[in-house]
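Notes follow once the structure below has been shown.
The values are calculated or read from the model by the stated rules, or taken from the named source; none is laboratory data. What you see is a predicted model; the values in this text were computed from it and never measured. Cβ coordinates were reconstructed from backbone atoms using ideal geometry, including for glycine residues, and neighbour counts include every protein chain displayed.
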Amino acid sequence: MLVACVALAGCRSHRHLAGNDAPRGADTSTVAPPNAGKPRAERLDSIAGTDYRTLMANFKCSVRGIAVNGQMRLLRDSIVWVSVNKVVELGRAQATPSRVQAYLKLMGKRYDLGYGDLKRNWGIDADFATLQALLVGNCPPQCRKSKEPQRQGDTVTLWLSQNGGARQLTLKKDYATCRILGADLTSKAAGQRVTLTYGEMENVGGRLVPSHIEVKISSKQLNEQAVIRLERITVDEPLTFPFKMQ
C-alpha cells in the first residue's frame, strides 16, 4: 500500500506452517530457550516473528527517483495507515480488513476499494492480513506448505500457498535466527509478483523490526519499485489514525 500511495511483551515466536493458523489467543508458538543455538534440520519450517499491538515509524522512500518522507501507523489486525509528504502532504491511505482507501491530495483523486476491486483494477491480489504481516517481516497467516523447505548454506527457502493455491508465497529465511530475509508473492490470475527484501533489523524494546525494505511490484497495471527506510520506530504506544477523504 505504501508503494502504491507514492507506490513491527516482545518475544521471537517460532511458528510452524501446518494448515491454517489457530484462533488468535491460542498458544501455538514454541519459544527457543536461551543459547539454544541453531535450530535442528527437522525444524526448517519454523519462522521467527515480531509481536506488537501497535507500531509507528517515520520513513524515507524513493520511488522512480523521487524521494519522499512519511509516517506509517499500524494497529494489529485493524488498520494500516500511511501519510506521504514532500514539504507538504502528497497523499494518505489506510487499509482495514475489508477496504483500502486513499486520497492523493495534489491530484485530487480518491479511492475507496475492496480487495476484490484492487485485484480487478490494479492487479494487486492480496488481503489485509498478508499486507500487515509482510510490512513487519512476519509470515502471513493461513499459509499452507506446498513442498518441503530446503536449506542452502545459511539460507532456507520455504514454499507456501494461500487461497487454495491461487497465491504462491516463497520465503527466504536465515537458518540460525529464523528471521525472514525476503518474500515473493505471486498470483497467476492477477499477473502479479510482489518481491520484498528485508535489510537491517532494528531492536525496538526487545523486538527485531526490519528498518530497510526493498519492494518491487509487477502486475498487469503496475510496475513499481521502492526502497523504504523506517526511522524512529516505536511499538505498543497509543496511536490515532486521522483520515479524511477530502
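Just one of the listed residues (I213, I233, I217) is assigned to a strand (DSSP E or B), modelled with pLDDT of 90 or more and farther than 17 Å from N138 by Cα, and it is I217.
Collect the residues in the stretch 39-54 that are over 23 Å from K172 (Cβ atoms) and either under 14 Å from the mean Cα position of the chain (by Cα) or not in a loop (DSSP other than H, G, I, E, B) (or both), keeping them in residue-number order.
Of everything in the stretch 39-54, just one residue is over 23 Å from K172 (Cβ atoms) and either under 14 Å from the mean Cα position of the chain (by Cα) or not in a loop (DSSP other than H, G, I, E, B) (or both), namely T54.
Regarding the stretch 181-200, can at least one residue be identified that is out of contact with any Ser or Thr (no Cβ under 9 Å at 6 or more places or on another chain) and of a type in the set (D, E, K, R)? Yes: one or more hits. Scanning the stretch 55-103 for residues that are of a type in the set (V, I, T) and part of a loop (DSSP other than H, G, I, E, B), we see that the one that is farthest from the chain's Cα centre (by Cα) is V87. When you look at C143, is it of a type in the set (A, V, I, L, M, F, W, C), in contact with a Gly (Cβ under 7 Å, 6 or more places away or on another chain) and crowded, with 16+ Cβ neighbours inside 10 Å, yes or no? So C143 fails the test.
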